[in-house]
1. Going by C-beta contacts inside 10 Å, put Lys112, Lys88 in order with the fewest on the left.
2. If neighbour count is taken as other Cβ atoms inside 10 Å, put Leu178, Leu41 in order from fewest to most.
3. Explain nothing, just the number: dipole magnitude of the stretch 35-167 about its Cα centre with +1 on each Lys and Arg Cβ and -1 on each Asp and Glu Cβ, in debye rounded to the nearest 20.
4. Sort Ile265, Ile175, Ile37 so the one with the fewest other Cβ atoms within 10 Å of its own Cβ comes first.
5. Want the number for Asp263 to Thr82: 0.36 nm per residue separation, take away the alpha-carbon distance, what's left?
6. Of the candidates Leu64, Leu144, Leu129, which one comes out as most mobile in a Gaussian network treatment of the chain with C-alpha springs shorter than 10 Å?
7. Just to confirm the number: angle between the C-alpha axis of helix 3-16 and the first principal axis of the chain, 0 to 90 degrees, nearest 10?
8. Cα extents of the stretch 35-119 along the three principal axes, largest first, in whole Å?
Amino acid sequence: MNRLTRHILIVLAILSLHSCKKDLDIKYKDIEPITVIEGQLTLQGANVRITMTTPMDEPMDTTLLTDATVTLTDLTDGTSETLLPDRKGVFIGSTAGTPGHDYELKVIRDGKSYVSRCEMAAPTDLLSLEFNWIKMPYDKVAVLQVTFTENASVDGDCYWVRLYRNGKAYMWNIITDLYAANGIINDVFMTSRRDLDKEDEETALRDGDVVAASVSPISREMYDYLEAVSSDSNGPALFAGDFCLGYFLASPTVTSSITFHPDEIKDY
């Protein structure tokens with residue numbers, strides 16, 4: 001890990017110690033549930049999840065809806081496939097994405113139609129995953145560095161980096177090629193502090209935990225959408241037709257994993 005990255009992480013950690021809290025009395029306006037579509041096409045196939053938004057004062061409802069017609073079309077070669085729900089309610093397709101091709105996802109449900117298009121970008125290579133202990137004012141923190149390639153001949157590349165802890169969603173980040181050097185991007189995640197008695201369960205890592213990372217090249221529109229979501233906003237609309245939330249991403253996602261062994265991690 002380079003000195004600049006380490007310096008930035010330490011500064012961010014120190015700044016976070018000076019945050020303040022203020023109780024707010026917010027009254028939420030009731031609105032009708034909104035359809036949420038989360039669709040992905042990779043080199044292995046397609047999967048689409050359909051849910052509905054939940055009122056702010058009610059527990060999150062993650063029930064997957066299956067009463068829809070879901071179609072994936074390769075606009076480049078004209079082929080089309082109807083996706084069918086599996087036992088969990090996820091619509092699955094066998095179509096393997098091809099970099100450089102344009103794709104259209106169409107969902108019809110309850111008399112409404114939602115359409116989104118996306119070009120599959122060129123693939124990247126995930127080069128390495130590495131944990132390092134970084135000393136912070138409050139404790140040592142395990143920082144995971146995800147290293148991958150980018151297309152140095154093209155400006156403006158964007159990437160969605162996702163982490164999974166023992167198979168479940170853990171953390172994610174978006175990054176652009178502004179942080180690249182010689183065609184290489186190093187993305188860093190502050191994960192678990194060493195003293196687990198003072199660490200939240202949402203971020204705690206224990207000896208033997210498997211952390212997997214996936215890197216997906218994404219469009220600028222998708223980058224803006226995820227940036228808005230990280231700020232608790234719905235973001236720009238990525239579907240045409242009737243109004244809905246969500247996204248459709250066609251991307252040659254690459255993955256790798258590392259097992260967390262705290263006693264084997266280097267100190268910096």
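Every number in this text was worked out from the coordinates using simple rules, so none of it is lab data. From a predicted model like this one, the values you see are computed outputs, not experimental measurements. Positions of Cβ are generated from backbone atoms using ideal geometry, with glycine treated the same way; all protein chains shown enter the neighbour counts.
1. Going from least to most buried by this count: Lys88, Lys112.
2. Leu178, Leu41
3. The calculation lands at about 420 debye.
4. Ile265, Ile175, Ile37
5. 60.2 nm
6. Leu64
7. Compared with the principal axis, the helix lies near 80 degrees.
8. Computed over the Cα atoms, the extents are 45, 24, 19 Å.
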